[in-house]
1. Straight distance only, please: which lysines reach the Cα of A:Lys413 with their own Cα at less than 24 Å, same-chain residues fewer than 8 apart left out?
2. So how do A:292-300, A:111-119, A:219-227 stack up, highest first, on mean other-Cβ count within 10 Å?
3. In peptide B:201-213, how many Cβ atoms from other protein chains are near each Cβ within 10 Å, on average?
4. Taking every pair of alpha-carbon atoms in region B:1-159, give the share separated by more than 18 Å as a whole percent.
5. Calculate, for A:Gln2 and A:Lys449, the FRET efficiency according to 1/(1 + (r/R0)^6) with r their C-beta to C-beta distance and R0 45 Å; round to the nearest 0.05.
6. Report the Cα centroid-to-centroid distance between region B:167-245 and region A:139-186 in angstrom, as an integer.
7. Based on alpha-carbon centroids, what's the gap between region A:41-117 and region A:243-292 in Å, whole number please?
8. Would you grab the residues whose amide H sits under 5 Å from the one on A:Glu328? Only those 5+ places off in sequence or on another chain, please, with H modelled 1.01 Å from N.
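None of the figures in this text is laboratory data; all of them are computed from the coordinates on show. None of these values were measured; they are calculated from a predicted model. Quick reminder, even Gly has a Cβ in these numbers, built from the backbone with ideal geometry, and neighbours come from all protein chains shown.
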Amino acid sequence: MQSLYALLQMYETEYIEDYKKSWKKVKLSNAEDLLKVAKALKANGLKTIATVSPTDFLEKNIIEMNYFFEDLISKRNCWLKCDISRELDKCEIESITPLFKGANWHEREAYSMFGVKFLHHPDLRPIIISQDFYGKAPFRKDFDWDAHEANTLQNIQTIVDAFKTEENENDKGIDAESSETVLNWGPTHPASGPIRLKVHCDGEDVISIDPDIGFVWRALEHLVTKKDFIGAIVAVERLCFMDNINSMIAYAQAVEEIAGTEITEFAKWMRVLLGEVSRISSHAMGMGGFYNALGLHTVAMWNMDMREFFLDFLESYSGARIATAAIEAGGVRYGLQENMLEELQLALDKFDATKDDMRAIFVKNPTMKMRAAKQGIITAQEVEEYSLCGVVARASGVKVDVRLDEPYAAYDKINMDYVTQKTGSANDRLVNLFEELEQSVDIIKQAKKHIEECIKSGKFNPTKDHMVKVPKKLPAGEAISRVEWSRGEVLMHLVTQEKATSPYRLKMKAPSFNHTMMLDKLLKGQTLSDIPLIFGSLYICQGDLDR
Amino acid sequence: MIFNIVIFPGIFYVLLWTVALFWFFRKFIAALHKRVGPSFNGPAGSYQTLFDLSKLLTKESITPDGVNPYLFSIMPILAATIAMLPTAFIPWTQTITVVQSEYALLALVVLIGIEPFLLFLTGFGSNNKYSFLGGIRVLTQMISMETSFFLSALSPALLFGTLNLNAIVEQSSWLSFLILLPAFILYFIALLGLLDQPPFNIPDAEQEIVYGFYTEYSGTNYFLLKLAEFSEFMAVFAGAATLFLGGYKGLFFDGFIFLFIKMLLIAMFMMVIRASTPRITMKQMLHFSWSYLVPLSLLNVAWIMLAKIYLLGSLS
């Protein structure tokens, strides 16, 4: 950390602060210094960029750029800020993509949503937004949503026209005599989900892949600014329905930090418990999805069967199976009754009863090994370079897990370790997914035991301790909050203004965004059969891809 | 003869088989999946596939723009007809064999072998990238799988010295079953390839190329293609049971029921593989076929010849 401080002092800054345990928060005086600082940070070991998040300050007439640099090995992080002009033609900043490949799509997103032009960006096209939003910067505070939505028909026409132009131009420039062609893998494809991969292929061989995303863009980051702090959780949990609890934890933590609220010990343990149940629900689907992509549906069905028991627990706790809205700032929403833990025990028993079969038949499946052990290999260097996280990073042997790196809730009292594999192949990601399922079950058992003991000894009052009051109006401030989501690190950057009743800006960095970026690199030169394999192995959810 | 064409083992029997096997597949794989499967219509959902198929028959068959409508619509009819023809050569019981022929085995093998080529043409005639890729895949798979299919299917002929299926069934015994066991295993693997079953379901790999050669088909045409697929199942299963497992010969008495049970056992085994094995790639299939399956089939022919000389010397 000292070397980081010395490094940052060499530049003109407004302030350098310590933030949390592992962060340095810096504001640069000149935006021109950005590239130099980024280069120095990279040389210092901070090789990963989590995300690029602009915040639009209408009254000050500036856009504040936030860069979150991370060092996955020594766990030092740097939050870099700088101001740029808000006017559309002057709103530009040097791109850091040439240095940090992981910033590529994040900068494109900032360009689409805020109109920030990144100079010397290799591929600055709009992303996520549909054609009717091109050049309009919809996340700026002065964008008129009502006016935009007033001429819906015109907007639809724009999208249709753009599609037709593209369809006509697809096969142009391709030699008619050759077997080259452009295939659409999605968005209404049996295995794709709402994402479109434009596959440029020669017969069975893939030449290049251009992912087209944004089919489930709900503008969640904008939506939360229209709701109060409690109402925002229903937007936040829709990051991805499969693991909604952990995304709500991230948001609640950011709100609590700004409000200065400390939640109770019981609520912390409940967050661990619920978070892991949610992770199991997601990992079970992820494993099933991986096998579904190879035409084998048994795993998905078996996992669904097991997952239902965990959803039963969520239902008895919150009343809902999927969109639980169970975490809010100040703790967890509901108290705990004893029969709920019995329900959880049933789920744990169910998992233990099926896991041996699962491991023997599907995790060690020889055909799967034959297919996937040499496919989609991601090295540890690439993990840092492309800002990968979660299961994908750990399968490559990188020890990164926010639960251990920056413990939140009650994870500091849990006995756990990094689950990693060695080679980073698609098969390793599958094995890692299963081992993390087992780890989650183990964590649930620890948390459940602790909660039961503390209730018995009278330390926790399960019906009263779950919430502390958080003021409805928050002071001006900003916070970042990281959690280990089922697919990897979720970083939420929350900005509030004085006496705010709703978030001013919430940036959600979601892991699938970075993982989808890898598709072209991993699939170049492979065959069509490898697309579902690698796509499935990256554990992508379109919900957090588009937001 | 008319009874044979219309009722057994003709059109009605094939339709019944298609409907029943479809239902059986769904129910059986549901059990492996820990699901229930069709359950609302009829006892244990058994009417479900009947309703499904009658729905397909009454739906509009859409012919896409830019295709040759004759080629597009004639291929499913041709595919279904040719897939049904082998049933005529199968000895269903001691007495029921529609076409008694000295070359029945040859006819069976050729009629089964022609089918993938027709499916290739359906893909070729669809004017769709996915269908075309599917068609090419069918053809590639056919070429690499049929060598071992033919070699293993002709092993009994080599052993018994006849191409007459009735004669093959009559001569079969426990000893011949053991001698033909390697040939049966090779036949079964090649069968998975020919019928596009996992792990060789490459031609209609829906996660890769949507539905392969089926992609553009709907309504009656789709129904006919499915009928062709299930008739093909019947021909190939019945062929396996006749050639290697002693056909209609049973434990205490002989009869159609034993042939049927043998066919079902093969179907069930195929389903278990379907429920536990992911798909392999084209390259792996080619490698597997030409590096292992074909050489082994040739070795198997040598084994049959040796067995015929030294084990069954008295028979020849």
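1. By straight Cα distance, A:Lys413 reaches A:Lys20, A:Lys21, A:Lys75, A:Lys268, A:Lys399, A:Lys445, A:Lys448, A:Lys449, A:Lys456, A:Lys459, A:Lys464.
2. Numbers: A:292-300: 23.0, A:111-119: 21.2, A:219-227: 18.6.
The peptides rank, most packed first, as A:292-300, A:111-119, A:219-227.
3. On the way: counts 2, 2, 0, 1, 7, 6, 16, 16, 8, 7, 1, 0, 0.
That works out to 5 on average.
4. Details: 9016 of 12561 pairs.
Distances greater than 18 Å cover 72 percent of the Cα pairs.
5. Working: r = 41 Å, r/R0 = 0.91.
My answer for the efficiency is 0.65.
6. Between the Cα centre of region B:167-245 and that of region A:139-186, the gap is 44 Å.
7. Answer, in whole Å: 27.
8. Residues meeting the criterion, in which the H sits 1.01 Å from N, are A:Arg333.
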